[in-house]
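Each remark here refers to the structure printed beneath this line.
The values are calculated or read from the model by the stated rules, or taken from the named source; none is laboratory data. Worth saying up front: this structure is predicted, and the values here are computed from it rather than measured. All Cβ positions, glycine included, derive from the backbone under ideal geometry; neighbour counts span all protein chains shown.
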């Protein structure tokens, strides 16, 4: 049987979440910090621990069948791979930032200015689309210190919370793109049975994180009103209670509107509401 290879970040902001996701998929392996390859003992899969910049090319060239990497890295390297699944972690924005003292009013004010970045290709494309001619200065490392050192008038970099910008006297000026971790595959790999099975496992874990399992007691008189508030995976399960005129309802609720739905359920007469996390949802 073929053994799949999936490349994930060896160290950095996506490593921990990538390892957690794969382990939640029921995969048994050791996260060897000093090793390049870690075999999975209960699934035909090997995990490659790489620099994030290398992951897209490894997948494109077929050295790895799959990879977990930020969209920003994919766009910067310009590789030809398939997007198989957005993973919901590692979210950030790539922004142009300028010193707090700068008086830029519009993108056109960047014409003729210098911009320091670790993502020259993404920046060049953005500037070209907006007819801006600026001097792009490629820097690896602490891009945010460039204006303070007189190396550039502005920067283009990843922004998560904005704390680093503030501590270096910078402010966001223009949003360029949003990014999150995605599962990528080499072209054609999405049709392989093992890849499909692994994607199904990943999707079941992601669906579970987005929902809560709810059990509640409800009066039969208000049953339809309460059911209308509970979409469920298919439809809620209704079980009669020993007390006449009451039923127990089992269902799932999306995390995004959890509290709003709980309040409406209580208003409709629901009682004894029990909320539990879900480990997997397999459709």
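Consider residue 90 carefully, then state whether it is in contact with a strand residue (DSSP E or B) (Cβ under 7 Å, 6 or more places away or on another chain) and on the phi > 0 side of the Ramachandran plot. Yes: the conditions hold for residue 90. Here segment 2-19 is the region considered, the condition is being exposed (fewer than 13 other Cβ atoms within 10 Å of the Cβ) and out of contact with any helix residue (DSSP H, G or I) (no Cβ under 8 Å at 6 or more places or on another chain), and the residue that is farthest from residue 187 (Cα to Cα) is 11.
With the requirement that a residue be closer than 12 Å to residue 72 by Cβ and surrounded by fewer than 19 Cβ atoms within 10 Å (Cβ to Cβ), what does segment 112-125 give you?
The one that is closer than 12 Å to residue 72 by Cβ and surrounded by fewer than 19 Cβ atoms within 10 Å (Cβ to Cβ): 121.
Among the candidates 205, 195, 214, single out the residue that is at pLDDT below 90, touching a helix residue (DSSP H, G or I) at 6+ places or on another chain (Cβ under 9 Å) and either assigned by TED's automatic domain parsing to the domain that holds residue 27 or within 19 Å of residue 278 (Cβ to Cβ) (or both). Among 205, 195, 214, only 214 is at pLDDT below 90, touching a helix residue (DSSP H, G or I) at 6+ places or on another chain (Cβ under 9 Å) and either assigned by TED's automatic domain parsing to the domain that holds residue 27 or within 19 Å of residue 278 (Cβ to Cβ) (or both). Evaluating residue 109 against the criteria (1) surrounded by fewer than 16 Cβ atoms within 10 Å (Cβ to Cβ); (2) in a helix (DSSP H, G or I) leaves one unmet condition, (1). For residue 79, the requirement of being outside any helix (DSSP H, G or I), farther than 19 Å from residue 198 by Cα, free of Cβ contacts under 8 Å to residues at least 60 places away in the same chain and touching a helix residue (DSSP H, G or I) at 6+ places or on another chain (Cβ under 6 Å) is met.
Considering the conditions (1) without any contact (Cβ under 8 Å) to a residue 40 or more places away in the chain; (2) over 23 Å from the mean Cα position of the chain (by Cα); (3) over 11 Å from residue 116 (Cβ atoms), residue 146 is excluded by exactly one of them, (3). Looking across segment 56-72, the residues that are surrounded by 24 or more Cβ atoms within 10 Å (Cβ to Cβ) and closer than 20 Å to residue 90 by Cα come down to 56, 59, 66, 67, 68, 69, 70. With respect to residue 139, is the statement that it is farther than 30 Å from residue 205 by Cβ, within 28 Å of the chain's Cα centre (by Cα) and buried (at least 16 other Cβ atoms within 10 Å of the Cβ) true? Judged against the criteria, residue 139 is a match. Within segment 142-188, the set of residues being in contact with a helix residue (DSSP H, G or I) (Cβ under 7 Å, 6 or more places away or on another chain) and at positive phi comprises 169 only.
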